[in-house]
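Working notes for the structure below.
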């Protein structure tokens, strides 16, 4: 499945200790050019766990009570963790559930810059 930057997708991610896996949402952060040219895409993990919210400049809050939040397809207030990136084969993406608008993706760009130490 070809995805676009800003899509929120569901992926079956393995646990870090390889004891199982869990279907989780993630945000496509890779450019559309590379999403079309290669099979892999870069994703930022999304969590609804309040314990993972650290108020860092690497995190973007999604409030599902807002119009923007409703477009995401998420069912709970969540955090896009730009400090937690993974590369995934696009064929392993289960489905697209929503998206973030361009204005939010500009804020995601700031979070990514912070996570990667880019000025």
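Coordinate-derived values only; no laboratory data. Everything numeric here is computed off the predicted structure, so don't read it as measured data.
Please work out how much length the chain gains when fully extended from residue 50 to residue 37, using 0.36 nm per residue of separation minus the C-alpha to C-alpha distance, in nm with one decimal.
1.1 nm
Over region 17-68, with a single point scatterer placed on each C-alpha, what log10 of the ratio I(q)/I(0) does the Debye formula yield at q = 0.15, 0.17, 0.20 1/Å?
Per q value, in the given order, log10 I(q)/I(0) is -0.64, -0.79, -0.97.
If you line up the Cα atoms of the chain on their principal axes, what length do they span on each, largest first, in Å?
34, 31, 30
Taking the chain as a Gaussian network, where each spring joins two C-alpha atoms under 10 Å apart, which residue of 48, 78, 16 fluctuates the most?
Highest fluctuation of the listed residues: 16.
In whole Å, what is the distance between the alpha-carbon centres of region 49-104 and region 25-46?
13
Report the gain in length on full extension from residue 76 to residue 18: 0.36 nm times residue separation, minus Cα-Cα distance, nm rounded to one decimal.
Stretched out fully, the residue 76 to residue 18 stretch lengthens by 18.2 nm.
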